[in-house]
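One structure is given here, and the rest of the page talks about it.
The values are calculated or read from the model by the stated rules, or taken from the named source; none is laboratory data. It should be emphasised that the depicted structure is a prediction, and the values quoted were computed from it without experimental measurement. As a convention, Cβ positions derive from the backbone with ideal geometry for all residues, glycine included, and neighbour counts pool all protein chains shown. Side chains included, ligands, DNA and RNA excluded: accessible areas come from the protein's heavy atoms. Shrake-Rupley method; radii C 1.70, N 1.55, O 1.52, S 1.80 Å.
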Amino acid sequence: MTHEETPHTPIAKYTAELIGTMILVIMGCGSAVIAGSTIGNLGVAFAFGLSVIAMAYAFGRISGCHINPAITISMFVAGKIDARDTAFYIAFQSIGATIGAGILYIIASGNPGYNIAYNGLGQNSFSTSNNGFGLVPALIAEIVLTFIFVLAVHGATHEKSPKGFAGIAIGLTLTLVHLVGIPLTGTSVNPARSLGPALITAIFDSTTALSQLWVFWVAPIIGGILAALVWKIFKK
């Protein structure tokens, strides 16, 4: 996983971001929706982490494998990606997440016992999936967890870090933040990952997912920006 400029065409990079984010949603959110009762929160946390590891080694050399607007914006603040790529990365990540959530819905609907109103699509929430945690704890948790995660991304992808291990370090850090975040908000730390399931769920069921979506864009972006600013201090 790298964030250096690559010789690949812009459309190749944007497509890699779309596919990578799509797979993250299918496998990460899918683990909660389809297998959550069997594998529990620990299994879901590892599903998200392993998805990132797999995509990092699949697409890291092509796009840097951000598959997360919070990472992309953090890289922009750190001066590692330009404004044009930032905008297109976020757009394609959002599209990929929505496609992934749509595919997950089709798959889950094959189970006669599946009900989107009850089972959902792994959408994030701070009032239904977290046993009463409110807005302020959700905001703080998502900012802090995203900060930890994205700071690890900066460190793991630094030129002086051990080569070939960035994907593993980043994936395991994502697993780590999910262990704390799942009981709180379902863990976002990724605005696109939150957008896709919220949009598809809202189409088929009236939920609070869209009304609360702003939290899972604002908080991760703040956390990502803070990570970039702190990383700049460490690099001096």
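A 1.4 Å probe run over the protein chains yields, for segment 157-225, 40 Å² of accessible area per residue, whole-number rounding. Solvent-accessible area per residue in segment 1-99 equals 39 Å², computed with a 1.4 angstrom probe and all protein chains kept. Centre-to-centre separation between the Cα atoms of segment 16-95 and those of segment 161-212: 9 Å. The accessible surface of segment 101-227, taken with every protein chain in place and a 1.4 Å probe, is 71 percent carbon and sulfur. Overall, the chain carries a charge dipole of about 460 debye about its Cα centre when +1 sits on the Cβ of Lys and Arg and -1 on the Cβ of Asp and Glu, all other atoms neutral.
Length gained on full extension, THR38 to TYR57: 4.1 nm, using 0.36 nm per residue less the C-alpha separation.
In terms of its C-alpha gyration tensor, segment 1-133 has a prolate overall shape, because the principal axis ratio a/c (a ≥ b ≥ c, square roots of the eigenvalues) is not below 1.5 and a/b outweighs b/c.
Long hydrophobic helices in the chain: the complete DSSP H runs spanning 24 Å or more by Cα along their own axis with mean Kyte-Doolittle hydropathy of at least -0.5 are 30-63, 83-108, 135-156, 166-185, 215-235. Pairs from the list LYS160/LYS232; LYS13/LYS163; LYS13/LYS160; LYS13/LYS232; LYS163/LYS232 with a Cα-Cα gap above 18 Å: LYS13/LYS163; LYS13/LYS160; LYS13/LYS232; LYS163/LYS232. Between the listed residues SER109, ALA56, CYS29, the Cα displaced farthest toward the positive end of the dipole of the chain, a dipole computed from Cβ unit charges relative to the Cα centre, is found at ALA56.
Modelled this way, with points 7 Å down the Cα-to-C-beta line, the labels at HIS8 and LYS163 are 1.9 nm from one another.
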